[in-house]
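These notes concern the structure reproduced below.
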Amino acid sequence: MTQNIKFSMLKKRSQLLQQLRAFFYARSVIEVDTPMLSSAGVPDPHLHALTTQVEVLGQREHQRYYLQTSPEYPMKRLLCLGSGDIFYLGKVFRQEGISPRHQVEFVMLEWYRLGFSMFDLMEEMTHLLQSVLCTEGGGKLSVEQLSYQQVFTKYAGIECIFSATATQCRACLERHNIPEIVGVDAEDKALWEQLVLTEVIESKLGRNGKQFAITFVYHYPASQAALAKISSENSETAERFEVFVNGMELANGYHELADAAQYRSRFKASLQQRKQLGYASIPLDENLLFTLAQQPLPDCSGVALGVDRLFALQQGFDNISQGIAFGLEES
């Protein structure tokens, strides 16, 4: 990429950041700046944080700190303390392999809306994506909302994923000519289900023929709730959604869990999973847990969106590195 082309790209990226901020300023959502370092980490076994050693006043030994994988925990503390609607637009860090869709250091947009249901937040997400991705004179993108169950029926031919077996999931992979996957327990239903989702379904989401579309997948299984509420209508599902455009996951949102005891319980369950997988233990965020216990989280929904992926979609890039000044390889 020549220098002139790169600076042209940077101007477009700057315009996107301005547009995102303007979207929330117009809705009286306050921008917040949260710490990038924390003495506690995220116990989720699917998230791996970078760490650094910090010389802390009064401590003989350097102390380990975690770079934020998301501003979620400090933002929730602010919500408990009465901040009202808030958003964050800035850097986060995740120790994952570099790929066309991921850099270790990337930009995240995360926001929380008081009194919003999961579906209210999905509607606001639709407005945001339409404003960013619609080309002038091109009309709005089509929008599809499907439950987790419905995407398995529509795109994988599995009538009820909640009662399906590992054998049915493996058969689905074979029907769709997915190369044989070795090293997976033949009876590990959860993992085979995840493979059907990633290998068969996700590439079909967010497409309308050759055009971009917006697909929302909601009511994920309760076992994949993370920090979302369990649905009051169906205890098998969580009030969690993900957003896909052109076969790529863009965002992950919840109707937020509020109960402090449930936070600790889910954190401990995640730590147990980490232990079973051979990952290092993570100190829990006691500041968050204490705040939740003292001043409960107000009823709200929140979502985190990958801005580098969004910019790549907007500009038609095949690799998110085309839309940033310098990737890790150039740092």
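The values are calculated or read from the model by the stated rules, or taken from the named source; none is laboratory data. Only a predicted model underlies this, so the values are computations on that prediction, with no experimental measurement involved. Because the Cβ atoms are built from the backbone with ideal geometry, glycine has one as well, and the counts that use them run over all protein chains shown.
Condition first: within 18 Å of the chain's Cα centre (by Cα), farther than 30 Å from Thr135 by Cα and touching a residue at least 24 places away in the same chain (Cβ under 8 Å). Now tell me which residues in the stretch 199-236 satisfy that.
Scanning the stretch 199-236 gives His219, Tyr220, Pro221, Ser223, Ala225, Ala226, Leu227, Ala228, Lys229.
Going by the structure shown, is Val92 under 30 Å from Thr237 (Cα atoms) and of a type outside the set (S, T, N, Q)?
Against the criterion (under 30 Å from Thr237 (Cα atoms) and of a type outside the set (S, T, N, Q)), Val92 qualifies.
Would you mind telling me which numbered condition in (1) more than 17 Å from the chain's Cα centre (by Cα); (2) touching a residue at least 60 places away in the same chain (Cβ under 8 Å); (3) surrounded by 15 or more Cβ atoms within 10 Å (Cβ to Cβ); (4) within 30 Å of Ser232 (Cα to Cα) Phe152 fails?
(2)
Restricting attention to the stretch 164-178, does a residue exist that is surrounded by fewer than 15 Cβ atoms within 10 Å (Cβ to Cβ) and within 22 Å of the chain's Cα centre (by Cα)?
no
Across the stretch 275-331, which residue is surrounded by the most Cβ atoms within 10 Å (Cβ to Cβ) among those that are among the hydroxyl-bearing types (Ser, Thr, Tyr) and either at positive phi or assigned to a loop (DSSP other than H, G, I, E, B) (or both)?
Among those that are among the hydroxyl-bearing types (Ser, Thr, Tyr) and either at positive phi or assigned to a loop (DSSP other than H, G, I, E, B) (or both), it is Tyr279.
Going through the stretch 190-223 one residue at a time, which ones are buried (at least 16 other Cβ atoms within 10 Å of the Cβ), of a type outside the set (Val, Ile, Thr) and in a helix (DSSP H, G or I)?
Trp192, Glu193, Leu195, Leu197, Glu199, Glu202, Ala222
Yes/no matrix, rows are residues, columns are (1) modelled with pLDDT of 95 or more; (2) closer than 23 Å to Leu277 by Cα; (3) of a type in the set (D, E, K, R):
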position	(1), (2), (3)
Ile181	no, yes, no
Ala186	no, yes, no
Ala190	no, yes, no
Val196	yes, yes, no
Glu199	yes, yes, yes
Lys204	yes, no, yes
Lys210	no, no, yes
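Look at the stretch 256-274 and say how many of its residues are farther than 23 Å from Thr51 by Cβ and loosely packed, with under 14 Cβ neighbours inside 10 Å.
Total meeting the criteria: 2.
Report, by residue number, each residue of the stretch 108-123 that is part of a loop (DSSP other than H, G, I, E, B), of a type outside the set (Ser, Thr, Tyr) and surrounded by fewer than 17 Cβ atoms within 10 Å (Cβ to Cβ).
Scanning the stretch 108-123 gives a single hit, Gly115.
All but one of (1) in contact with a helix residue (DSSP H, G or I) (Cβ under 6 Å, 6 or more places away or on another chain); (2) at pLDDT 95 or above; (3) farther than 25 Å from Leu313 by Cα hold for Pro45; which doesn't?
Going through the list (1) in contact with a helix residue (DSSP H, G or I) (Cβ under 6 Å, 6 or more places away or on another chain); (2) at pLDDT 95 or above; (3) farther than 25 Å from Leu313 by Cα, Pro45 breaks only (2).
Within the set of pairs 6+ apart or on separate chains, which have a first residue in the stretch 54-81 that is under 26 Å from Cys300 (Cα atoms), a second that is in a loop (DSSP other than H, G, I, E, B) and acidic (Asp, Glu), and C-beta atoms under 6 Å apart?
Final answer for the pair search is Tyr73/Asp285.
Looking at Arg77, Arg60, which one is surrounded by 15 or more Cβ atoms within 10 Å (Cβ to Cβ) and of a type in the set (D, E, K, R)?
Every option except Arg77 fails the conditions.
Would you tally the residues in the stretch 269-311 being within 21 Å of the chain's Cα centre (by Cα) and free of Cβ contacts under 8 Å to residues at least 24 places away in the same chain?
Residues in the stretch 269-311 being within 21 Å of the chain's Cα centre (by Cα) and free of Cβ contacts under 8 Å to residues at least 24 places away in the same chain: 1 in total.
Report, by residue number, each residue of the stretch 128-177 that is within 24 Å of Met118 (Cβ to Cβ) and acidic (Asp, Glu).
Matches in the stretch 128-177: Glu144 only.
Restricting to the stretch 147-184, name every residue that is assigned to a loop (DSSP other than H, G, I, E, B) and either small (Gly, Ala, Ser) or over 22 Å from Ala222 (Cα atoms) (or both).
Gly157, Ser163, Ala164, His176, Asn177, Ile178, Pro179, Glu180, Ile181, Val182, Gly183, Val184
Could you check Ile158 against (1) within 24 Å of the chain's Cα centre (by Cα); (2) buried (at least 19 other Cβ atoms within 10 Å of the Cβ) and say which number it fails?
The failed condition is (1).
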